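Take a look at the structure set out below.
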Amino acid sequence: MNTSTAVTTEQNNIKPADVVVRGNADGFLQDVVSGKHHLRADEPASAGGSDSAPGPYDYLLIALGVCTSMTVGLYARRKQWPLENITVSLWHSRIHAKDCEECDTKEGMLDRIEVEVDLTGSLTPEQHAKLMEIAAKCPVHRTLKSEINIRLGTA
């Protein structure tokens, strides 16, 4: 955010953006600022990018995977369960709606995210089952499963 935008935002009592993404029209590479953190995003070479950073769907999977792991770990710590490590592996694909028995939509294409959670430690079968239940309740999972209202505006 440039200085004039920051000043205007503060004067209008509008909350500064949580994330700011900047790029130019020459390619896909983007600079991302989230608080004090600086990241980059790009597309793979097969999609016309330079593959110099994760792509948008990679970041979506990262958000879900990180939140899942953090939520499971927090729950286990609070319960003082013997969870040692959490590995969350994720895949994004597009599928035909007719091939999804558990989906409400039956026509067209759907996005599918597959999540595999591996938990290590001396957990009882009941503890393991509860942690897997908790994994599906992380805030990002809930957000992705809910209705999302995205309001697009101009600065």
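The values are calculated or read from the model by the stated rules, or taken from the named source; none is laboratory data. This structure is a prediction, so every number in the text was calculated from the model and none was measured. Note: ideal-geometry Cβ built from the backbone for every residue, glycine included; neighbour counts use all protein chains shown. Side chains are part of the model used for accessible areas, which takes the heavy atoms of the whole protein and leaves out ligands, DNA and RNA. Shrake-Rupley method; radii C 1.70, N 1.55, O 1.52, S 1.80 Å.
Odds and ends about this structure:
- Filtered residue count, the range 89-125, keeping only those that are farther than 19 Å from Ser69 by Cα and among the hydroxyl-bearing types (Ser, Thr, Tyr): 2
- Close Cβ contacts (under 8 Å, 6 or more residues apart or on different chains) running from residues in the range 108-125 that are basic (Lys, Arg) to residues that are in a loop (DSSP other than H, G, I, E, B) comprise Arg112/Cys100.
- Of note, Arg151 satisfies the criterion of being over 18 Å from Met70 (Cβ atoms), within 21 Å of the chain's Cα centre (by Cα) and either of a type in the set (Phe, Trp, Tyr) or loosely packed, with under 11 Cβ neighbours inside 10 Å (or both).
- Looking only at the range 44-80, and only at residues there that are outside any helix (DSSP H, G or I) and open to solvent by 60 Å² or more (accessible area, probe 1.4 Å), the one that is nearest to Leu119 (Cα to Cα): Gln80
- Taken over the range 104-133, residues that are touching a helix residue (DSSP H, G or I) at 6+ places or on another chain (Cβ under 6 Å), over 23 Å from Ala63 (Cα atoms) and either open to solvent by less than 90 Å² (accessible area, probe 1.4 Å) or modelled with pLDDT of 85 or more (or both) amount to 2.
- Qualifying residue in the range 107-120 (condition: aliphatic (A, V, I, L, M) and outside any strand (DSSP E or B)): no
- Restricting the range 82-106 to residues that are closer than 20 Å to Glu116 by Cβ and part of a loop (DSSP other than H, G, I, E, B), the residue that is farthest from the chain's Cα centre (by Cα) is Glu101.
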